[in-house]
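Undergrad: Questions regarding the structure given below will be posed in turn.
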Amino acid sequence: MLSFPAAIKVYLCTVPCDMRRSFDGLSMMAEHLIQCNPFSGHLLVFCNRRSDRVKILYWDRDGWAIWYKRLEAGTFQFPFAATGRKEVAAWELAVLLEGIDLSQGKRRKRFSLPETAAPGPDNPKPGELELRG
């Protein structure tokens, strides 16, 4: 099983992909279909029409890397749609690769920190005191 850092972003291409595509073809799909920067280091996940093959493309500091899995039996529960992309959490990708259908389960409510804005005059950096006189 693969393990991913929690902070990594994972983008699923929700349009079936021709698995003959490699580095350049998949990075082009990332730009035009997923509409994200393929050099960002995020995981870009592609699946074929039969849902028995998955490729994960990512930029690894100095070049492209592809992780490829072909199932001998069964299929992945891949969320195909015309939208082009779906962002999922790293744990959801791990569960998808293990063959668990998330559409049948329900995630219980959990605490999460609110998204913070970039530091600026109205939003100082954490630990930074603002002196107003």
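FYI, it's all coordinate maths here, none of it is from the lab. None of the values given here were measured: they were computed from a predicted structure. Note that we place each Cβ from the backbone using ideal geometry, even for glycine, and neighbour counts take in every protein chain shown.
Undergrad: Could you look through region 31-58, keep only residues that are over 17 Å from Ala73 (Cα atoms) and touching a Cys at 6+ places or on another chain (Cβ under 6 Å), and pick out the one that is surrounded by the fewest Cβ atoms within 10 Å (Cβ to Cβ)?
TA: Leu33
Undergrad: A follow-up question, please. So which residues in region 1-54 are more than 16 Å from Tyr68 (Cα to Cα) and among the hydroxyl-bearing types (Ser, Thr, Tyr), if there are any at all?
TA: If the condition is that a residue be more than 16 Å from Tyr68 (Cα to Cα) and among the hydroxyl-bearing types (Ser, Thr, Tyr), then Thr14, Ser40 are the ones that fit.
Undergrad: Residues to consider are Ile34, Ile8; find the one that is touching a residue at least 40 places away in the same chain (Cβ under 8 Å) and either touching a helix residue (DSSP H, G or I) at 6+ places or on another chain (Cβ under 6 Å) or acidic (Asp, Glu) (or both).
TA: Ile8
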